Amino acid sequence: MPHDFPKEIINEIERLLNIKVIKIDTPPQGMDCVVVFIKDDKNTEYAVKYGKNAANDALVYKLLRDHQINIPVPKIYGVFEFDGNTVLILERIKYPLLETIPVDKMYKYIPSMVTNLRKIHLAKSDEVGSLIEAKKMKDWKTLILSKFNGENKDLDWQKIAARPSLDKKLVLQSVANVISNINKTEFINHSYSLLHTDFNQRNLFVNPNTDAITGIIDWGEAIFGDPIFDFARVRMYIWHFNLQNDILNKYYNILSFAPFEKKLEKLYWVTIVIEYLAYYSEEMTEFNIGRIKLHQDFLRAFVWED
């Protein structure tokens, strides 16, 4: 058993599902929760997610069910609280993750990504922001600005920019530029859509025989907001894997954005490029160092609109 995964949780799962757990595996971990795979004495396998953000996952799965939104998400077998955190018992999806697909085949899944995002965005709310936090943002513009103007306490850009791996002057100037551009942008939202916000190769399972998304996981950062933001995150996926301009052009053809929508998507993409510098600079792995260089080189060359 993983040393940091409480045995009391396994005991409660056995009680709730009337099973006997005979095997526990630990997959690669995300940042916000602990995940383990378990197998019972009937060879049924489950994924168990444990952490504060798992509460958001549970709310999203309920929301999708209530709105009858037909997308491939894992079945929920149970939810309970332990030590102030949520435990979510899910079906283990047997398809491969998108990140295991050869890079030259990754573009094939973009149409399915768009189709599933459009279905997700059918879930609407009059309020913007988190599903679980009682305090709501006034509007979408306020939420986007909060990532850069100091209101979000997890993103202190003075401290972030001072990290040895980052170009302090570049980061702070990019933050100032993006604040200016957000302030000058008109955001027209009459209602807000459910956003995944992290629709990427580590959260999507795929069927290599059909080029279809077969599982969508990790809703810990899901919020209500502008659906174009989710598509900007897919653009970063295309960029990170260097899927070439013809793939990006085909992506835009699928989206059929109006000029003002394409302008918003570009702005959102740049906000994501900057924001992810905060996350990549937390730990200096070889992967993160490469991403930091990619993002900072992009920002050095980026031409901001007046």
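The values are calculated or read from the model by the stated rules, or taken from the named source; none is laboratory data. Everything numeric in this text was worked out from a predicted model, so none of it was measured. Don't worry about glycine lacking a Cβ; one is built from the backbone with ideal geometry, like all the others, and counts go over all protein chains shown.
Each residue in the range 254-280 was checked for being small (G, A, S) and more than 16 Å from S174 (Cα to Cα), and 2 pass. Of all residues in the range 13-58, those that are surrounded by 14 or more Cβ atoms within 10 Å (Cβ to Cβ), under 23 Å from S130 (Cα atoms) and of a type outside the set (S, T, Y) total 14.
Among the residues of the range 264-288, those identified as part of a loop (DSSP other than H, G, I, E, B) and either charged (D, E, K, R) or surrounded by fewer than 17 Cβ atoms within 10 Å (Cβ to Cβ) (or both) are E282, E283, M284, T285.
Taking the criterion of being under 21 Å from the mean Cα position of the chain (by Cα), surrounded by 15 or more Cβ atoms within 10 Å (Cβ to Cβ) and not in a helix (DSSP H, G or I), the residues of the range 231-263 that qualify are F241, L243.
Residue selection: T44 fails the criterion of being of a type in the set (V, I, T), at pLDDT below 90 and either more than 17 Å from the chain's Cα centre (by Cα) or more than 30 Å from S193 (Cα to Cα) (or both). Against the numbered list (1) assigned to a loop (DSSP other than H, G, I, E, B); (2) in contact with a Lys or Arg (Cβ under 9 Å, 6 or more places away or on another chain), W304 comes up short only at (2).
I want to confirm something. Restricting to the range 289-306 and keeping residues that are in contact (Cβ under 8 Å) with a residue 12 or more places away in the chain and either among the charged types (D, E, K, R) or buried (at least 17 other Cβ atoms within 10 Å of the Cβ) (or both), which single residue is nearest to N181 (Cα to Cα)? Among those residues, the one meeting the criterion is E305. Annotation for the range 38-49: at least one member residue is farther than 20 Å from P27 by Cα and in a loop (DSSP other than H, G, I, E, B). Note on the range 196-211: among residues that are over 23 Å from K52 (Cβ atoms) and surrounded by fewer than 18 Cβ atoms within 10 Å (Cβ to Cβ), the one that is nearest to the chain's Cα centre (by Cα) is Q201. Among the residues making up the range 264-284, those that are charged (D, E, K, R) and more than 15 Å from the chain's Cα centre (by Cα) are E265, K266, E282, E283. Going through (1) outside any strand (DSSP E or B); (2) surrounded by fewer than 16 Cβ atoms within 10 Å (Cβ to Cβ); (3) outside the structural domain of F224 (by TED's automatic domain parsing) one by one, I69 falls short only on (2).
Take V21 and decide whether it is of a type outside the set (S, T, N, Q) and within 16 Å of W219 (Cα to Cα). No, not satisfied. For beta carbons closer than 9 Å, sequence separation of 6+ or different chains, a first residue in the range 256-275 that is within 13 Å of P227 (Cα to Cα) and modelled with pLDDT of 95 or more and a second that is hydroxyl-bearing (S, T, Y) and part of a helix (DSSP H, G or I), the qualifying pairs are E265/Y252. Can Y61 be described as outside the structural domain of S125 (by TED's automatic domain parsing), hydroxyl-bearing (S, T, Y), in a strand (DSSP E or B) and buried (at least 17 other Cβ atoms within 10 Å of the Cβ)? Judged against the criteria, Y61 is not a match.
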